[in-house]
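Notes follow once the structure below has been shown.
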Amino acid sequence: MPSTFAILMHRSNFAKYNWDHLRYITQAGGPMTPALTSKLMETLPNTKIYVMYGQTEASARLSYLDPDNLVKKLGSIGKAIPGVTLTVRDENGQVCPPNTEGEIVASGDNIMLGYWNQPVETARILKADGLHTGDLARCDDDGYLFIVGRNSEMIKSGAHRISPKEIEVILGEHEAVLESAVIGVPDEIMGESIKAVVVLKDGFSTSEKDIIKHCTMNLPPFKVPKIVEFVETLPKTTSGKIQKHLLKNAEIKTSGAQG
């Protein structure tokens, strides 16, 4: 998990050891920022790093990025594994041209037959063209996939639909940030405002103003967080996935209490 590698890099003495005997590591379970991937490559120069992407419904891998292309295609989840076909499709089910955002749709023998006794939910994501993953991505001219974000996590602010992942990547480039989660919070005028929940590296300190300044220098104005909250840890599953819905639920409860 990305969070596991973040802890190893910044909250342990992992980088002080010699890992020449380590042949390879694998990463999946969520997107890892290019900054963290670069730090891993720096710490493990003789170790192959396999970036992978998948879903439980695909038992459980769909793509991987060959370590030989890690630098050239930094931030990519690679191409489909053997036996799997991945396409990026628009809302009408048409295959998107290169570098156009759409939903990843997967087909192959490893795709599930359906959810047990849940025909409605099964029909929602299993269609004639394959498994609709709910993940938004673009495919470059060489056929490599780049995740943009989860369809369900997109922030709707005014006329814009904003991917939290893009903002989290920029936050990850700040020297003091260990990890972050970006969510939309209720806004009477814009519908949603952008909030960044940030965990700092041990021994580092910064301010909300500094984080916003960093984002302003690297993002268009409508993608800059309006609120920055610093926390000790982010809520996660037992496998290490960040549970953004808990952050949003906490925000809703807080907003309700204030009202």
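Okay, here's what the table says:
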{"quantity": "Test: LYS201 is at pLDDT below 90 and either under 18 Å from PRO2 (Cα atoms) or surrounded by fewer than 13 Cβ atoms within 10 Å (Cβ to Cβ) (or both)", "calculated": "no"}
{"quantity": "Candidates GLY240, GLY203, filtered to the one that is at positive phi, part of a loop (DSSP other than H, G, I, E, B) and within 21 Å of the chain's Cα centre (by Cα)", "calculated": "GLY240"}
{"quantity": "Among residues of the stretch 44-75, those that are more than 27 Å from THR122 (Cβ to Cβ) and out of contact with any Ser or Thr (no Cβ under 9 Å at 6 or more places or on another chain), counted", "calculated": "9"}
{"quantity": "Candidate set from the stretch 133-162 (those that are in contact with a Pro (Cβ under 7 Å, 6 or more places away or on another chain) and in a strand (DSSP E or B)); member that is surrounded by the fewest Cβ atoms within 10 Å (Cβ to Cβ)", "calculated": "ILE147"}
{"quantity": "GLY29 being assigned by TED's automatic domain parsing to the domain that holds ARG138, of a type outside the set (S, T, N, Q) and either farther than 13 Å from LEU145 by Cβ or in a helix (DSSP H, G or I) (or both)", "calculated": "yes"}
{"quantity": "Failed condition for ILE7, given (1) β-branched (Val, Ile, Thr); (2) modelled with pLDDT of 90 or more; (3) more than 24 Å from LEU136 (Cα to Cα)", "calculated": "(2)"}
{"quantity": "Pair list, Cβ < 8 Å and 6+ apart or interchain, from the stretch 234-250 residues that are free of Cβ contacts under 8 Å to residues at least 24 places away in the same chain and exposed (fewer than 15 other Cβ atoms within 10 Å of the Cβ) to residues that are assigned to a loop (DSSP other than H, G, I, E, B) and among the β-branched types (Val, Ile, Thr)", "calculated": "GLN243/THR237"}
{"quantity": "Residue match in the stretch 243-257 (condition: farther than 30 Å from LEU86 by Cβ, modelled with pLDDT under 95, over 16 Å from the mean Cα position of the chain (by Cα) and among the basic types (Lys, Arg))", "calculated": "yes"}
{"quantity": "Check on ASN151, modelled with pLDDT under 95 and farther than 30 Å from GLU188 by Cα", "calculated": "no"}
{"quantity": "Close pairs (6 angstrom Cβ cut-off, 6 or more residues apart or separate chains): more than 17 Å from VAL169 (Cα to Cα) in the stretch 3-18, loosely packed, with under 14 Cβ neighbours inside 10 Å and among the charged types (D, E, K, R) anywhere", "calculated": "ARG11/ASP202"}
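Each row is one residue, and each column tells you yes or no for (1) under 16 Å from the mean Cα position of the chain (by Cα); (2) surrounded by 19 or more Cβ atoms within 10 Å (Cβ to Cβ).
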site	(1), (2)
GLY54	yes, yes
THR85	no, no
VAL88	no, yes
CYS96	no, no
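The values are calculated or read from the model by the stated rules, or taken from the named source; none is laboratory data. Keep in mind it's a predicted model, so treat the numbers as computed, not measured. Neighbour counts run over all protein chains shown; Cβ positions are idealised from the backbone, glycine included.
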